[in-house]
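K.L.:
Take this structure first; my questions come after.
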Amino acid sequence: MDNILDYDTVTLDEEDNTLEIIDQTQLPYRTQILKLTETKDIWDAIYHLKVRGAPAIGVAAAIGLYIASTQADTDDIEEFLNYVREKKEYLNSARPTAVNLSWALERMEKVCLDNRNLDIPKICSLLKQEALKIKAEDTEMCYRIGENTLGLLDKGYGLLTHCNAGQLATSRYGTATSAMYLGYERGYGFRIYCDETRPLLQGARLTAYELSSAGMDVTLVCDNMVSSLMRQGLINAVLVGCDRVAANGDVANKIGTSVVATVARRYNVPFYVCAPSSTIDLSTASGNDIVIEQRPAEEVTEMWYERRMAPDNIKVYNPAFDVTDHELISAIITEKGVIREPYLKNLKGF
Ligand code: MRU
């Protein structure tokens with residue numbers, strides 16, 4: 001295999017019961033497949049963004065919890081349930097903003113609770129089925145998101161995306177990129193622009209890489225070039241993914257998303273958020289209630305540079321996500337359909 005798209009972003013190797021992921025911190029230079037069995041290593045892979053993107057970390061954690069369940073050293077059901085809950089809470093602590101992580105882990109725990117009358121090996125096998133189901137559903141949802149998004153786009157459009165909401169962030173197709181893949185297959189002739197996405201460069205390292213590997217027309221720009229592109233009329237729509245949709249339609253996504261949305265409004269460019277319905281969190285009232293992950297200062301001051309590019313001891317603010325106000329969002333596109341304002345009312349049915 002020599003194309004990144006031929007690899008599974010995250011999968012269960014059923015033969016040796018390991019979680020297999022592409023180590024995304026090494027892309028685009030090296031395609032290294034990691035095989036993980038220890039919960040600590042899986043937590044670490046999620047925290048360090050070896051596997052990343054909201055849907056992909058949900059799938060990785062679900063497979064991780066299944067693997068952990070097979071390592072429980074007890075035949076007492078109460079002890080087993082406590083053990084699974086502990087592992088679930090530990091994995092959930094790796095990253096706070098993407099709701100897909102807790103959503104997938106809750107689904108897994110529910111399988112245990114609903115089947116507590118069965119013996120432990122049987123519960124483990126149901127957990128395996130559930131983890132594989134979460135992954136298969138993710139592929140199907142991404143495909144549907146692509147179809148629903150494509151209905152809003154015309155041939156020849158210039159499309160801008162931010163961060164990586166691509167195949168590398170999901171099981172397949174991506175969310176924001178799904179319509180790009182489908183459009184490419186169907187001859188839409190899109191011109192894709194992706195921004196670098198400081199500080200971790202998911203746009204440059206991952207989106208530019210996967211879309212160009214697919215053969216698409218992709219142009220990489222720095223984050224601060226987006227306004228210039230829009231002012232020249234080169235962008236007809238923005239497509240981004242997201243980590244959590246609050247009940248009022250506010251959306252948390254990679255830091256910088258709200259800048260792109262604000263500029264898009266200035267130039268009347270539609271701003272679409274593409275996400276599976278599992279990303280909608282009606283228990284979170286608004287963007288103000290979303291916990292935003294803070295990351296180490298080194299990601300800003302020295303990572304990717306040959307030498308440190310900031311004064312020693314400078315204060316650094318490094319939130320991994322920001323909130324885009326619902327007023328700036330033209331539509332939220334899920335596998336079930338296109339949701340528009342008023343979000344508070346229209347998100348309820350999803
Ligand atoms: O920190 P990351 O790389 O996990 O951030 C990813 C994003 O912000 C994506 O846009 C989001 O998770 C949606 S992925 C389909």
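The values are calculated or read from the model by the stated rules, or taken from the named source; none is laboratory data. Just so it is clear, the model here is predicted, and its values are computed rather than measured. Cβ placement follows ideal geometry from the backbone for every residue including glycine, while neighbour counts extend to all protein chains displayed.
K.L.:
For region 47-72, how many residues are farther than 12 Å from Thr9 by Cα, surrounded by fewer than 24 Cβ atoms within 10 Å (Cβ to Cβ) and within 16 Å of the ligand (Cβ to nearest atom)?
P.N.:
Counting residues in region 47-72 that are farther than 12 Å from Thr9 by Cα, surrounded by fewer than 24 Cβ atoms within 10 Å (Cβ to Cβ) and within 16 Å of the ligand (Cβ to nearest atom) gives 3.
K.L.:
Quick one: which of Ala264, Ala275 is within 19 Å of Cys222 (Cβ to Cβ) and out of contact with any Lys or Arg (no Cβ under 6 Å at 6 or more places or on another chain)?
P.N.:
Values: Ala275 fails: within 19 Å of Cys222 (Cβ to Cβ).
Checking each option against the conditions leaves just Ala264.
K.L.:
So, in region 144-195, exactly how many residues are over 19 Å from Pro276 (Cα atoms) and within 16 Å of the ligand (Cβ to nearest atom)?
P.N.:
6
K.L.:
Can you pull out every residue in region 302-318 that is closer than 15 Å to Lys254 by Cα and either surrounded by 12 or more Cβ atoms within 10 Å (Cβ to Cβ) or modelled with pLDDT under 95 (or both)?
P.N.:
Asn318 - this is the single residue of region 302-318 that is closer than 15 Å to Lys254 by Cα and either surrounded by 12 or more Cβ atoms within 10 Å (Cβ to Cβ) or modelled with pLDDT under 95 (or both).
K.L.:
Would you check if Cys112 is assigned to a helix (DSSP H, G or I), within 28 Å of Leu65 (Cα to Cα) and out of contact with any Lys or Arg (no Cβ under 9 Å at 6 or more places or on another chain)?
P.N.:
On the way: assigned to a helix (DSSP H, G or I): yes; within 28 Å of Leu65 (Cα to Cα): yes; out of contact with any Lys or Arg (no Cβ under 9 Å at 6 or more places or on another chain): no.
No; evaluated as a whole, the condition is false for this residue.
K.L.:
Follow-up question, since we're still on this one. For region 188-205, check the following and say yes or no: at least one residue is buried (at least 24 other Cβ atoms within 10 Å of the Cβ) and either assigned to a helix (DSSP H, G or I) or basic (Lys, Arg) (or both).
P.N.:
yes
K.L.:
A further question follows. Would a scan of region 69-88 turn up a residue that is among the acidic types (Asp, Glu), closer than 25 Å to Thr334 by Cβ and touching a residue at least 40 places away in the same chain (Cβ under 8 Å)?
P.N.:
Let us first name the residues in region 69-88 that are among the acidic types (Asp, Glu), namely 73, 75-76, 78-79, 86.
Narrowing further to those that are closer than 25 Å to Thr334 by Cβ: none.
No, every residue in region 69-88 fails to be among the acidic types (Asp, Glu), closer than 25 Å to Thr334 by Cβ and touching a residue at least 40 places away in the same chain (Cβ under 8 Å).
K.L.:
Checking the structure you have, find out if any residue of region 81-93 is closer than 20 Å to Ala169 by Cα and either aliphatic (A, V, I, L, M) or loosely packed, with under 14 Cβ neighbours inside 10 Å (or both).
P.N.:
Among the residues of region 81-93, at least one is closer than 20 Å to Ala169 by Cα and either aliphatic (A, V, I, L, M) or loosely packed, with under 14 Cβ neighbours inside 10 Å (or both), which makes the answer yes.
K.L.:
Looking at Asp8, Asp16, can you tell me which residue is surrounded by fewer than 15 Cβ atoms within 10 Å (Cβ to Cβ) and not in a strand (DSSP E or B)? Give the steps one after another, and end with the answer.
P.N.:
Working: Asp8 fails: surrounded by fewer than 15 Cβ atoms within 10 Å (Cβ to Cβ).
Step by step, each of Asp8, Asp16 is checked, and only Asp16 is surrounded by fewer than 15 Cβ atoms within 10 Å (Cβ to Cβ) and not in a strand (DSSP E or B).
K.L.:
Kindly check whether there is at least one residue in region 152-162 that is within 24 Å of Val291 (Cα to Cα), surrounded by 16 or more Cβ atoms within 10 Å (Cβ to Cβ) and either in contact (Cβ under 8 Å) with a residue 40 or more places away in the chain or not assigned by TED's automatic domain parsing to the domain that holds Met230 (or both). I'd like the intermediate steps shown before the answer.
P.N.:
The initial filter retains those residues of region 152-162 that are within 24 Å of Val291 (Cα to Cα), namely 161-162.
From what's left, surrounded by 16 or more Cβ atoms within 10 Å (Cβ to Cβ): 161-162.
Going one step further and asking which of them are either in contact (Cβ under 8 Å) with a residue 40 or more places away in the chain or not assigned by TED's automatic domain parsing to the domain that holds Met230 (or both), we end up with 161-162.
Looking for residues that are within 24 Å of Val291 (Cα to Cα), surrounded by 16 or more Cβ atoms within 10 Å (Cβ to Cβ) and either in contact (Cβ under 8 Å) with a residue 40 or more places away in the chain or not assigned by TED's automatic domain parsing to the domain that holds Met230 (or both), one finds at least one in region 152-162, hence yes.
K.L.:
Go through (1) in a helix (DSSP H, G or I); (2) farther than 21 Å from Val240 by Cα; (3) not aliphatic (A, V, I, L, M) one by one and return the number of the condition Glu147 breaks.
P.N.:
That leaves (2) as the condition not met.
K.L.:
Related question: Can you find a residue in region 102-117 that is over 22 Å from the mean Cα position of the chain (by Cα), buried (at least 19 other Cβ atoms within 10 Å of the Cβ) and over 28 Å from Ala285 (Cα atoms)?
P.N.:
So far as region 102-117 goes, yes, one or more of its residues are over 22 Å from the mean Cα position of the chain (by Cα), buried (at least 19 other Cβ atoms within 10 Å of the Cβ) and over 28 Å from Ala285 (Cα atoms).
K.L.:
Scan region 101-112 for residues that are over 22 Å from Lys35 (Cα atoms) and either within 16 Å of the ligand (Cβ to nearest atom) or out of contact with any helix residue (DSSP H, G or I) (no Cβ under 7 Å at 6 or more places or on another chain) (or both) and report the count.
P.N.:
Step one: list which residues in region 101-112 are over 22 Å from Lys35 (Cα atoms), which gives 102-103, 106-107, 109-112.
If we keep only those that are either within 16 Å of the ligand (Cβ to nearest atom) or out of contact with any helix residue (DSSP H, G or I) (no Cβ under 7 Å at 6 or more places or on another chain) (or both) as well, we get 102-103, 106, 110.
Within region 101-112, residues that are over 22 Å from Lys35 (Cα atoms) and either within 16 Å of the ligand (Cβ to nearest atom) or out of contact with any helix residue (DSSP H, G or I) (no Cβ under 7 Å at 6 or more places or on another chain) (or both) number 4.
K.L.:
Further question: So which pairs qualify, if the first residue must be in region 24-42 and outside the structural domain of Val84 (by TED's automatic domain parsing), the second must be in a helix (DSSP H, G or I) and charged (D, E, K, R), the Cβ gap must be under 7 Å, and the two must be at least 6 apart or on different chains?
P.N.:
No pair meets every condition.
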